[in-house]
Each structure stands twice: as C-alpha cells, then as structure tokens.
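The values are calculated or read from the model by the stated rules, or taken from the named source; none is laboratory data. Everything numeric here is computed off the predicted structure, so don't read it as measured data. A quick note on method: Cβ atoms are made from the backbone with ideal geometry, for glycine too, and the neighbour counts reach across all protein chains shown. For accessibility, only protein heavy atoms count, side chains too; no ligands or nucleic acids. Shrake-Rupley method; radii C 1.70, N 1.55, O 1.52, S 1.80 Å.
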Amino acid sequence: MVNDHKIGDGIPLVGLNFAPDGGLYGVDWGGGYPMNEDGAIWRIDVPEAKANPLRAETRKWIAADLSGEEVASLVTLLGHADQRVRMKAQFELVKRDALAELTSTAAKVEAPQLARLHAIWGIGQLLRRDAAKDESLTLLFGDPDPEVRAQAVRTVTDRYGRPLGLDVIPAPTKEGHALTSMLLPLLEDPSQRVRLQALLGLGRLRDPAAAGDIVKLLGRKEHHHGLTYLRHAGVIALAGSAPTELLAGLAGDSSDFLRACASLALGKRNDAAIAAYLGDKDPVLAADVAVAIHDDWMIPDAMPALAAALGQHLAHEPLTRRALNANFRLGTPEVCERVAAFVAAGKAPEALLEAGLEALENWTTPGKLDLVVGQYRPLEPRDPAVLAAALGKHLDALLTSEFSPVRTTAMDLARQTGVPIANETLVIVFNNADATASLRSAALRLLASQKAPDLAAIVSSALDDSKDEVKMTALDLLTGLYPDKALSEIERRFAGKVSVAVKQQAIRSLPAAGGLAKMKSLLADLEAGKIEPALQLDVYEAAKLEPFAADPDISAITAAMEAKWQAVMVTDPLAPYLIALEGGDAARGKSVLLNHPAGQCTACHKIADGKGSNVGPNLKDIGAKKDRRYILEGLVAPQAVVANGYGNIVITLADGSSVAGQFRSEKDGKVIVRDPEGKETSVPVDKIKERSPVISTMPPMGFILQKSEIRDVVAYLASLKG
C-alpha cells in the first residue's frame, strides 16, 4: 500500500493486520456489546493487485521452514520486500550464530539498505547474548549511509540502557565508558537522525564525561520546541549523563530548548531539583514541569514547590490545575487557606475557579481518584476545622464574588463546616430577588442549620417563592424541621397549580415526612394509570425507599409492577422504562451525556458540530426529528431502532454469495448496503436467502444508567432541535 487510503467508514473494525495473501483483515464483532455470538471477519483488498507475483512469493516464504535454507539464501532474503520475510531470515541467521555473514552484509555499501539494517539488528541480538563484540557495529559509525550510522549507534548502545516508559532513569555513574569517545563526534554529524541516536546512546551509557558536549549541542540557537524528536533525545541524554547540580543550574540559561531538556531530564530522574524551573518565564515549560512533578509516579519532595506556584501563569490551565491539586493533596492549613484565597481573589478564568471550588468541596473527605489525572491516589479524611478556618478568613470575599458558583459553594461549605455567617446577612441574601435561586437556597439551608430566629416564618415564605429551586429547598427543610406541617404542604402541592419539579420534590419528601397514607394513595393511582407521566418514576422510586419499602401493601404493589414488566420484556423491552419517558431535567441530562464515566456517550455521538465522535449519528437535532418514545427506545433497546447507515448487516443470497456492510435502507423491494469503501449495493429482496438483524454497536443504557438518569437524558435529547 502506498500513500494514505480511506478503507472504510462507520464499521468498527479492530485487529487490523495484513495476511500472508496480501489482503488487509479486520474483525467486526457484529454489534460488540450484545453477547449474541455474531460477528464477521472483513477482508479488504485492491482487486487488480491480487495477481502480483510478489504476493505468491511472500506467502511461500512466510509458510516456509527456513532451517534447511542455505546461508546465502537467507542473506538474500534480508533484502526482501516484505518485512515478515526479512525478520524471519534475520532470526534464522541469528539462530545459526552467523556473525560473519551478518557483519559482511552490514558493511557492504552496495547491498540493499534494508538488508544492511536487518544485518545490524541481527548483530544486536548476538551482542545481547555476548556472541559478538561492540566493534562489529562501531566500524559502521563512519558509513556513508546516515541510516546505517544511526542504526549502528542505536543497536550498539541499546543493550546498555533500560526500558524508558514510566521507569525512573537512574543518575549517571561515576565511571567512564569506552563507547563515549566514539559517540561524541557523532553529535556533530550532518544527519539529525544520527545526532538523535547519538544523544539517546549517550543517555544509555550514563557517562558524566559526555554532559558538557550534550549541553553545548542542545544550547544551539537554531533549536526550538518544534524539534520534538531532538528534544526527547536531549532529555534522555541529559537524564543519563548530567549531574543534578548541572541540570538545576541551567534554569537561568537563555536557551528555551536547553532549559526544557534539562528540566524534563530532572523529571525523568524523579529529582526534586526540577522545582527550580517552576518559575520559568515560559508558561509551556513551567506547565511541563508541573506535569512531571504531579503526574505519573509524582515527585513528592517537589509537591510543596508546585503548590506554592499557584498563581504563576494564572491563565495556563494545565499548570494551575496541578498547582491547585498539589495544595489539595498536601492538605495542611497553610495550603487550604492558599486555595481559599485563590478562589476568593476571583482573578483566574471561571474554569479554574471551579477547579478551586472542587478542591475545597472535597477537602475534608477526599475521593479515591485524583482530581486531575483520575488515577487511584486515595487520601485519608481530614479535619473539617482546617477548611473552616480557611473559609473564615476569606468568607466575605467568597460571598460577594462576581462568580455565582463561588457564592453558592461558599455558602454551602460554611453550613457544612459550621462557619457562622450572621443571620442578618443570610436573610438579606435570601430576600434578594436578583440573587440566583441556588444562592438563595444555600442561604436558606444555612439559616436552618444555624436555627435562625423566625426560621419557621422564613421557610413558610419560601414555600410560595417565585423560584422552583427555593420552593423545593423549603419543602425539603420542612420535612426535617416540621414533619407534621410538611405533610399538609405536600398535599397542597398536589392540589395546587405548581410545576412538575416541585411535585417531584413533594413526592421525594414523603418518606422523611412519614406520609405512608399518601404514599399508598399515590401508588394505587400509579397502578391504576392515574398518575401523570412526569411523576410516575418519582412515585415508584419513593415507594422503594424506607420506611415505605418495609410496608407489605406497598412492597406487594411494587413487586407486582416489576413482575409485570419482566413478563412482557421479551416482546416489549421498553416496559420497565416507560415510567422514565416524561419528567426529566434537561440540564442534568446534558451532564450525564457529557460526563457519565460508564455511559461514554460522546465516544460515539456528537450533540453538535464540535466535540464527540461520528461512530454513531449526530444528535444535535434528534428532538426535532424523533419523539420521546423513539429516544427512550434508542437508549434502552438500541438494537430495535438502528439509525440508517449506522448498523451492520450480513445478507446471504440464494446463490450462496454474501453481502455485508452498513444497512442504509430498504424500499421498493431492495435492500441498500454500503461497504467499507463507501460503495452502495442494491440487493433485491427476492434474491435474499437469509439476513442477519441490523446490529447497533451501542450498549443498552438500562444496564449502565439509573432510570432517573435515563429520564434526564431523554429530556435533554428531546430538547435538541438543531
């Protein structure tokens, strides 16, 4: 294959590989998620190339037993057009300890380049088992072919190194190495690939005598951050050869490229001296240093310096997020106040202020996963008094922030940690009609937690507020403060003209209010089909909560409902989910669609013309095209409603041949199928012997999301009108 080719669109092929016959093969699991034992192996080829004699020859050599081949024949195969044949010949020569033949081929300037390179790699295999000496390859350091020089350097030094990956590179030894003097001149080689391999090789040798020459090369004025391969080689070279004092001292060098290499070299060594670069004038370099300190294995001794760097290059998100998280992970009173001050100052972009709020919200009970990288990095619970003290010093600024989430979160945190806010101030906030409903609700909750004077009157007034969120908060508080009154207010919500959201809150409040009789009444209405669709899920879920779940009458009704659903699921998979058709919250649904860790919706779909994937259809106008039932069915029974062009089908014809690809449509007695190259085939229905179901690769969301989450997603998707 020459150049780039689009070989398919919309069919999720994995395990792509070229077979001995020259075709490209891949596996399509026939829908993937459903365990239906369906699937297909696809073969992709260029028809006119099938007769190429090189294919037959390649197939012969791949199948051949080379143990009986003459050495001369094996040497010839080192230059074969197919890599698999070349590798097979190389390994056979190594197996025979054919050092002389490999050395001769590597040194033969007129031999094919690929044959020479495979000979070099074969010598490298022999070097690793001490069946050859370094001189077999150092003789090629002066070869006219730059790729031969580069591969000779790489191969001869490779056995002195160690896997890079996430391994910490050890500091340089105090001993010299015989190869160092041979590699240093290659730092001036006209070929950048040779210079790159010389740098990598010197890093493997760990000889401090090379450090000065490496610094000189990397400090050249023409070097810039765009030379990523050279930068990587420079990092490895310095990490292996330069002492800490030298690397830390380069923090003031004028070369951006050299400073980048030196700082990351310290990172590769897990050396806390990297902190010297956190104050670099280049925000990208400083952020790379923050990543080196914070991510992967972390550099614990440098974390305090990273925490103290909060505020440097303030708008640079990767740096500031890690500085915030360094403070969060350290957890001391000093750093807690630093984060509170950062948020209170309000100078950072909103996304970073939200990151600071997230740190404060999780301060006393950190989760198991890191807030930035998501790795398992558990922290122990911490004293709430630390957070309370930090909030207390900056509470006025937090509560008057221009950023609404800061005010609301500060109010909530003050309530949770017992930081007092004057009741008079809270009443002013609550009575401020221009404040957001979230902030006024937070003020109301704090007034309740502080047992403010006239609390009953304040909560009572909130029950009839113009904002639903405030009403719902008041109803929730009422069930804890005055359960008897709460029951009458819940009844009033059903009798009056209030929003669905408020009625849903009233139902959710029933267990805490002890409304057993009302629950039985609602559940009986649900069973009889008298509950409005938007409230059906709320009634069912409230009935499953204690103390209602322990009531034999209630549990009998819910058990009967569930048994009925199970009985009809084979023919009607929507049955258990129809109560989630109406009543969802679109804002919550958007959050589920974009952020649910198991749902992974945007791995296959877009909801606009930006973030997402084209594996599944774009959902930006699904609400204008389809009704809620279709959307719900697409979520919980995706095999039942496969969008045209996004499901796979296999058709077997009466003559025994088959057609497979994306199902496009069926009309006028013909099935239209599109193959991976985009070609559409029209198959007459009367010529079809058998066809597979149209398979979607989407998993049934009923196994992943809660019914309430499904309801919210339905509401959000139904709101998308394009």
**Prompt:** Hey, what do the phi angles of segment 180-192 turn into as Karplus ³J(HN,Hα) couplings, whole Hz, using 6.51/-1.76/1.60 and θ = phi - 60°, x for Gly and Pro?
**Reply:** 4, 5, 7, 7, 4, x, 6, 5, 9, 4, x, 8, 5
**Prompt:** Relative contact order of segment 386-444: what whole-number percent is it, with Cα pairs under 8 angstrom and at least 6 residues apart?
**Reply:** 31 percent
**Request:** Please give the calculated 222 nm ellipticity per residue for the chain, where each DSSP H segment of at least 4 residues contributes -39500 (n - 2.57) and the sum is spread over every residue; nearest 500 deg cm²/dmol?
**Result:** -15500 deg cm²/dmol
**Request:** Show the residues, 5+ positions off or on another chain, whose built amide H is closer than 5 Å to the amide H of Lys670.
**Result:** Val685
**Item:** Inter-part distance where segment 77-109 and segment 570-619 are each reduced to a Cα centre, Å
**Value:** 55 Å
**Message:** Please list Leu264, Leu137 from largest to smallest accessible area, probe radius 1.4 Å, with all protein chains kept in place.
**Reply:** Leu264, Leu137
**Prompt:** Which whole-angstrom value gives the distance between the alpha carbon centres of segment 167-199 and segment 631-700?
**Reply:** 58 Å
**Request:** Please tell me the relative contact order of the chain in percent, rounded to the nearest whole number, where contacts are Cα pairs under 8 Å and at least six residues apart.
**Result:** 8 percent
**Message:** Can you return the lysines within cross-link range of Lys626? Criterion is Cα-Cα under 30 Å, with same-chain partners fewer than 8 residues away left out.
**Reply:** Lys497, Lys503, Lys530, Lys564, Lys590, Lys606, Lys611, Lys667, Lys670, Lys679, Lys707, Lys721
**Request:** Name all residues of segment 339-353 having a backbone nitrogen under 13 Å from the label point set 7 Å from the Cα of Asn595 along its Cα→Cβ direction, giving them as ranges.
**Result:** 351
**Item:** Inverse mean reciprocal Cα-Cα distance (Kirkwood Rh) of segment 44-152, Å
**Value:** 14.6 Å
**Item:** Nearest-10 value in Å² for the accessible area of Phe141, using the 1.4 Å probe
**Value:** 20 Å²
**Prompt:** Which residues' amide hydrogens lie under 5 Å from the amide hydrogen of Leu369, considering only partners 5 or more residues apart or on another chain, with H built in the peptide plane?
**Reply:** Arg377
**FRET efficiency, His224 to Asn431 (Cβ-Cβ, R0 51 Å, nearest 0.05)** = 0.30
**Complete:** Expected vector for segment 582-592, Karplus 3J(HN,Hα) from phi with 6.51, -1.76, 1.60 and θ = phi - 60°, integer Hz, x for Gly and Pro, equals 10, x, x, 9, 4, 5, 5, x, 5, 4, 4
**Request:** Would you mind getting the accessible area per residue of segment 256-354, heavy atoms of the protein chains only, 1.4 Å probe, in Å²?
**Result:** 34 Å²
**Message:** Spelling out what I want: for every residue of segment 447-460, take phi, set θ = phi - 60°, compute 6.51 cos²θ - 1.76 cosθ + 1.60 (Karplus), and round to whole Hz; glycine and proline get x.
**Reply:** 4, 5, 5, 8, 6, 5, x, 6, 4, 4, 5, 5, 5, 4
**His225 accessible area, assembled protein chains, probe 1.4 Å, Å²** = 70 Å²
**Request:** Enter the accessible area of Ile7 (Å², nearest 10), with the probe set to 1.4 Å and all protein chains included.
**Result:** 50 Å²
**Request:** Evaluate E = 1/(1 + (r/R0)^6) for Ser466 and Ser665, where r is the Cβ-Cβ distance and R0 equals 35 Å; express this FRET efficiency to the nearest 0.05.
**Result:** 0.10
**Sequence of Arg86, Arg628, Arg129 from largest to smallest accessible area, 1.4 Å probe** = Arg129, Arg628, Arg86
**Message:** Net charge around Asp412, counting only other residues with Cβ within less than 9 Å of its Cβ (Lys, Arg = +1; Asp, Glu = -1)?
**Reply:** +1
**Fill in**
The summed charge of the Ala292 Cβ neighbourhood (under 11 Å; Lys/Arg +1, Asp/Glu -1) stands at -1
**Item:** Per-pair calculated FRET efficiency, R0 = 35 Å: Ser404 and Ser488 via Cβ, rounded to 0.05
**Value:** 0.55
**Asked** Quick one: putting +1 on the C-beta of Lys and Arg, -1 on the C-beta of Asp and Glu, what dipole do you get for segment 265-333 around its Cα centre, in Debye to the nearest 20?
**Response** 100 debye
**Request:** Mind checking which aspartates and glutamates have their Cα closer than 17 Å to the Cα of Lys60? Skip sequence neighbours fewer than 8 apart in that chain.
**Result:** Asp21, Glu69, Glu70, Asp82, Glu92
**Accessible-area order (highest first, 1.4 angstrom probe) of the listed residues Thr105, Thr365** = Thr365, Thr105
**Item:** Dipole magnitude (debye, nearest 20) for segment 509-601, charges at Cβ of Lys, Arg, Asp, Glu
**Value:** 160 debye
**Prompt:** Local charge sum around Ile214 (other residues, Cβ-Cβ under 11 Å, Lys/Arg +1, Asp/Glu -1)?
**Reply:** 0
**Request:** Taking amide H positions as placed in the peptide plane 1.01 Å from N, state which residues far from Val650 in sequence (5 or more) or on other chains have amide H under 5 Å from it.
**Result:** Ser692
**Prompt:** For the chain, what size does the Cα cloud have along each of its three principal axes, sorted from largest down, in whole Å?
**Reply:** 98, 78, 42
